[in-house]
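Trainee: This structure is in structure tokens; I'll ask about it shortly.
Read-outs: derived from the displayed coordinates by stated rules, not from any lab. Only a predicted model underlies this, so the values are computations on that prediction, with no experimental measurement involved. Backbone-built Cβ (ideal geometry, glycine too); neighbour counts: all protein chains shown.
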Amino acid sequence: MKILFVASEAYPLVKTGGLGDVLYGLPHALHARGADIRLLLPGYRALLQQLGQVRILGWFDVRGAEGMVSVRILETRHAALDFPLWVVDCPSLFDRPGNPYVDAGGQDWPDNAERFTVFARAAALLAQDALDLDWQPEVVHAHDWQAGLLPAFLADLPVRPKSVFTIHNLAYGGYFSHGDFVRLQLPSHWWSPEGVEFHGGLSMLKAGIVYADAVTTVSPTYAEEICTPEFGYGLDGLLLSRRYKLHGILNGIDSTTWNPATDAHLAAHYSAGRILPGKRRNKQALLERTRLPADDAAMGAPLLGLVGRLVEQKGIDWVLAAIPQLLAETDARFVLLGSGQPAYEQKLVRLAKQHPDRVFVEIGYNEPLAHQIEAGADLFLMPSRFEPCGLNQMYSLRYGTPPIVFKTGGLADTVVDANAATLEDVTANGFVFDTPEVTAFLDAIRRALDLYRQPALWRRLQQTGMRQSFDWSESAGHYLSLYSM
């Protein structure tokens, strides 16, 4: 089966979040099952700088905001990818420094509507084999709002490949003005409440939902949640009306990169069959790396880790409220890594300065440290208010670090709360709270700390999580079935 993946980022070339990880893991899992894959990305400056030898496949002139825009299509091979990479090279739109979506000040690039419309138009032409490459996809899989117009362009064709659109996070809708719609000369018949119009503006995400043959989200629970007003961002009615083509398929993780038995970032390796002393050695190394005391008292005390964006969605306000109470009433230590809203960053840094022997905070992202936290911590904090899928809870389970999560999205699909019944039938793998408030979060942490003091039950909890499979191969099977429907 020939499949064209179209997205705005893919690890390791360009990544701002989980979208990039999916666009690495899923195409590789499908390739391993025999699919013929092409991955199409925009030609960002940072991406082009990573490429070696490239071949020019051809040129397109496509409609932009001020007339026609010349686009060059490149093909290359990259050492990290098992299939050809195609690049939409348009210097006026993509050859600029920094983030794919925002400028150095954190503001959206003012021409994002044009950038991703041109990208979608080029992708639609490639899906028709407009360059006579003798390769035409049977399925075009578009991801998130940046590729949302692609299913709409394909829907207007008399003969076309099947289109699948994946919503990675409904909170980001790709909203633009009616003026942008007009300037980009998008088809006038799209402009209606049943098309791309959303509260008087253009929603690229809505376009994907309306016009794709199938719509997926990144976990079964999130597929249910987005059909409700609480999580639907005004699109819940539309999604309910398209429920017949909406599918929740849980993301996988890269089980080669995230494997405590082989992880090059770790001080010692370990597995479900032999957790100690490897996990203990990683805890010691993490304490030393973060300059927290690593004496016998610290090694015996629970160490709680967090890796993630420091924003309200991730429940960071709950974390900030909980830590002082836990410092007062327990011997717990904390290691936190992430970046986000400046106010949260500043409060965490201040907390670490006030408690230098108990709290370590690093602002930013550090890949080796992220792995070391997953391996060295005893518990992982992930109290997201909503989480379409989430990856860190799956990393934590694989590393024998039970996660503490709110019951939402992919967290609800992967973490089984430790209670008397689930401990007895050996299905428990973490701790879940279902009331969105800090008191419920604290109660879950306290339950976790109680179980931590019971070594036999704790080891069983760790082993249950470590023996689960969150590999991409299962997800790939679900997608292949969907592509063939």
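Trainee: Give the residues of segment 142-167 that are closer than 20 Å to ALA10 by Cα, touching a Phe, Trp or Tyr at 6+ places or on another chain (Cβ under 9 Å) and outside any helix (DSSP H, G or I), sorted by residue number.
Mentor: Correct list: ALA142, HIS143, ASP144, GLY148, SER163, VAL164, PHE165, ILE167.
Trainee: Further question on the same structure: Check ARG289, ARG309, ARG280 and return the single one that is within 19 Å of the chain's Cα centre (by Cα), surrounded by fewer than 20 Cβ atoms within 10 Å (Cβ to Cβ) and among the basic types (Lys, Arg). Please lay out each step first, then the result.
Mentor: Details: ARG289 fails: within 19 Å of the chain's Cα centre (by Cα); ARG280 fails: within 19 Å of the chain's Cα centre (by Cα).
The unique qualifying residue is ARG309.
Trainee: Quick one: which helices (runs of 4 or more DSSP H) lie wholly within segment 380-485 and hold at least 2 residues that are touching a helix residue (DSSP H, G or I) at 6+ places or on another chain (Cβ under 8 Å) and over 23 Å from LEU250 (Cα atoms)? Lay out the reasoning, then the answer.
Mentor: Working: elements: 392-398, 409-414, 420-424, 438-452, 455-466, 472-484.
In segment 380-485, the matching helices (runs of 4 or more DSSP H) lie at 438-452, 455-466.
Trainee: With respect to the numbered conditions (1) out of contact with any Gly (no Cβ under 9 Å at 6 or more places or on another chain); (2) in a helix (DSSP H, G or I); (3) surrounded by 21 or more Cβ atoms within 10 Å (Cβ to Cβ), which one is the sole condition not fulfilled by ALA370?
Mentor: Only one criterion in (1) out of contact with any Gly (no Cβ under 9 Å at 6 or more places or on another chain); (2) in a helix (DSSP H, G or I); (3) surrounded by 21 or more Cβ atoms within 10 Å (Cβ to Cβ) is unmet by ALA370, namely (3).
Trainee: In segment 315-352, what residues are touching a strand residue (DSSP E or B) at 6+ places or on another chain (Cβ under 8 Å) and not in a helix (DSSP H, G or I)?
Mentor: Within segment 315-352, GLY315, ALA332, ARG333, PHE334, VAL335, LEU336, LEU337, GLY338, SER339, GLY340, GLN341 meet the criteria.
Trainee: Here's something else I'd like to know. Cβ-Cβ distance below 7 Å, separation of 6 or more or different chains: which pairs start in segment 287-310 with a residue that is among the charged types (D, E, K, R) and end on one that is not in a strand (DSSP E or B)?
Mentor: Hits for this filter: GLU288/ALA294; ARG289/GLN372.
Trainee: Same structure, new question: Pick out the one residue from LEU348, LEU286, LEU266, LEU369 that is touching an Asp or Glu at 6+ places or on another chain (Cβ under 7 Å) and not charged (D, E, K, R).
Mentor: Working: LEU348 fails: touching an Asp or Glu at 6+ places or on another chain (Cβ under 7 Å); LEU286 fails: touching an Asp or Glu at 6+ places or on another chain (Cβ under 7 Å); LEU266 fails: touching an Asp or Glu at 6+ places or on another chain (Cβ under 7 Å).
Answer to the check: LEU369.
Trainee: Now a separate question. Which of the residues that make up segment 107-154 are farther than 20 Å from ARG72 by Cα, surrounded by fewer than 24 Cβ atoms within 10 Å (Cβ to Cβ) and in contact (Cβ under 8 Å) with a residue 24 or more places away in the chain?
Mentor: Correct list: GLU138, VAL139, LEU154.
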